[in-house]
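Novice: I'd like to ask you about the structure that follows.
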Amino acid sequence: MVTAKDVAARAQVSIGTVSRYLTGNGYVGAESRRRIAAAVAELGYVHNRAAASLKTKKTGLIGFVLSDLRNPFTAEVAAAIGEHARARGYGVVLSDSMGDAEDAVEAIELLRGHHVDGIIVTPPESPDLERAIRATLQHVPVVSIGLRTDPMVIDLVTVDTYTGARTAVDYLLRLGHRDIAFLGSPTMASGRYRGYRDALGESGVEVQTSLVEDGPLTREFGFTATTELLARRDRPTAIFAVNDATALGVLQAAHQQGVRVPDELSVIGYDDVDLAAHSAPPLTTVKQPIAQLGAEAVRLLFERLAGTAADEPTEVRLESQLVVRASCAPPA
């Protein structure tokens with residue numbers, strides 16, 4: 001049976017260096033990491049985390065409670081978290097709440113039962129979820145992506161969604177659009193809704209409640225809501241969808257109804273997932289720094305695990321930017 005001592009001998013480093021590499025606790029230089037990784041691969045060494053956790057009280061695992069793995073944005077965030085956790089010698093346990101607050105609470109409790117070393121959470125927000133987070137903080141650190149507690153008790157990584165939404169709607173207004181629909185939940189995407197509302201208001205355009213469609217942030221909702229909007233005599237000339245998944249549903253519905261994008265309908269999404277550049281037509285959207293969101297969440301979590309974080313919760317606010325492609329044009 002291959003042991004950590006065998007790996008150290010093959011890599012020509014100390015057993016302590018191998019231990020730090022395997023557990024992710026402590027610094028290991030780049031050259032040593034390369035040699036240890038090569039030795040592990042050559043020898044076929046498998047680290048016995050169960051045995052190691054009895055000594056270190058660490059499992060080498062973190063949990064990620066996500067809102068909907070079917071959403072490309074969430075999947076890309078999960079990929080970034082996995083990449084940066086692996087670089088620290090950790091694995092990630094995913095638990096999908098499917099947008100349900102009760103399921104998110106159960107997911108946190110399940111991860112606690114498996115003794116993960118820390119947890120990253122995303123919306124949906126709810127009082128029960130906040131209570132679960134506060135209870136979990138007594139045992140392991142928790143970091144949020146886009147979920148703000150009141151008062152703030154956990155580290156938070158977020159994006160200035162209000163400014164991003166304003167930029168998107170301002171762009172449509174400059175093109176000449178006035179009948180601009182909003183697709184998504186004003187409560188779950190409150191920053192984006194406020195940006196939409198304020199952009200219209202400052203341009204002297206009244207928010208038409210009939211053009212605000214409230215629903216889950218999914219492709220199916222985008223398709224259904226757009227199908228209904230396009231059936232109206234006073235249908236909108238543009239649609240702002242609060243995420244790209246919803247916007248892709250908009251494009252699908254427009255295609256099925258024979259409505260040309262952008263000649264007869266302009267569409268803007270939010271997130272800039274990989275699929276956005278490859279839709280037909282390529283989607284104009286607001287880019288969130290998805291990989292950076294995952295990287296910052298992992299960084300904050302590991303600062304808590306290492307005991308080097310600030311006493312008070314930290315907020316990291318990232319910027320968004322409009323990516324103009326081919327799905328928008330002046331109204332016909």
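Coordinate-derived values only; no laboratory data. Source: prediction; values computed, not measured. Cβ coordinates were reconstructed from backbone atoms using ideal geometry, including for glycine residues, and neighbour counts include every protein chain displayed.
Novice: Among Thr224, Val259, Val316, whose Cα projects farthest towards the positive end of the dipole of the range 195-320, with charges put on the beta-carbon of Lys, Arg (+1) and Asp, Glu (-1)?
Specialist: Val259
Novice: By per-residue mean of other Cβ atoms within 10 Å, what is the highest-first order of 169-181, 4-16, 204-216, 230-242?
Specialist: Packing proxy ranking, top to bottom: 230-242, 169-181, 4-16, 204-216.
Novice: Between Glu220 and Ala37, what is the FRET efficiency for a Förster distance of 30 Å, r being their Cβ-Cβ separation, to the nearest 0.05?
Specialist: 0.10
Novice: Mind listing the long-range amide H neighbours of Thr149? Cut-off is under 5 Å, sequence gap 5 or more, other chains count too, H placed in the peptide plane at 1.01 Å from N.
Specialist: Ile154
Novice: Between the alpha-carbon centers of the range 238-295 and the range 77-94, tell me the distance in whole angstrom.
Specialist: 28 Å
Novice: Cα axis of helix 190-202 to longest principal axis of the chain: angle in degrees, 0 to 90, nearest 10?
Specialist: Between the helix axis and the principal axis of the chain, the angle is about 30 degrees.
Novice: Quick one: which residues, 5 or more positions from Val143 or on another chain, have an amide H under 5 Å from its amide H? H modelled 1.01 Å from N in the peptide plane, none for Pro or chain starts.
Specialist: Ile119, Ile120, Val121
Novice: Also, quick follow-up: Here are labelled values, (1) 30, 55, 15, 0; (2) 32, 56, 12, 0; (3) 30, 46, 21, 3, and one is the computed P(r) over Cα pairs in 20 Å bins from 0, in percent for what I pasted. Which one?
Specialist: Checking each listed value against the structure points to (3).
Novice: Which of these, Gly60, Gly249, Gly29, has the largest mean-square fluctuation under a Gaussian network model of the chain (Cα springs below 10 Å)?
Specialist: Comparing Gly60, Gly249, Gly29 in the GNM, the peak value goes to Gly29.
Novice: Among Thr161, Thr246, Thr284, Thr308, rank each residue by its count of other Cβ atoms within 10 Å, from fewest to most, as a rough exposure measure.
Specialist: Least to most surrounded, the residues fall as Thr308, Thr161, Thr284, Thr246.
Novice: Could I ask something else about it? Where the centre of each part is set by its Cα atoms, how far does the range 193-232 sit from the range 101-126, in angstrom?
Specialist: One Cα centre to the other: 32 Å.
Novice: Let me ask something else. Compute the distance in nm between two label points, each set 7 Å from the Cα along the Cα-to-Cβ direction, one at His139 and one at Ser203.
Specialist: 5.0 nm
Novice: Between Leu175 and Arg88, what is 0.36 nm times their sequence separation minus the Cα-Cα distance? Round to one decimal in nm.
Specialist: Separation in residues times 0.36 nm, less the Cα-Cα distance, equals 26.6 nm.
Novice: Right, next: Report, in degrees rounded to the nearest 10, the 0 to 90 angle that the Cα long axis of helix 30-43 makes with the longest principal axis of the chain.
Specialist: With rounding to tens, the tilt is 80 degrees.
Novice: Additional query: Quick one: Debye curve from the alpha-carbon atoms of the range 108-253 only, equal weights, vacuum; give me log10 I(q)/I(0) at q = 0.10, 0.16 Å⁻¹ to two decimals.
Specialist: -0.44, -0.86
Novice: Name the residues of the range 179-219 whose amide N is less than 12 Å from a point 7 angstrom out from the Cα of Arg232 along the C-beta direction?
Specialist: 179-183, 207-214
Novice: Here's another thing I want to ask about it. Would you mind calculating the gained length between Leu322 and Gln256 on full extension (0.36 nm times residue separation, minus the Cα-Cα distance), in nm to one decimal?
Specialist: The span from Leu322 to Gln256 would gain 21.1 nm if fully extended.
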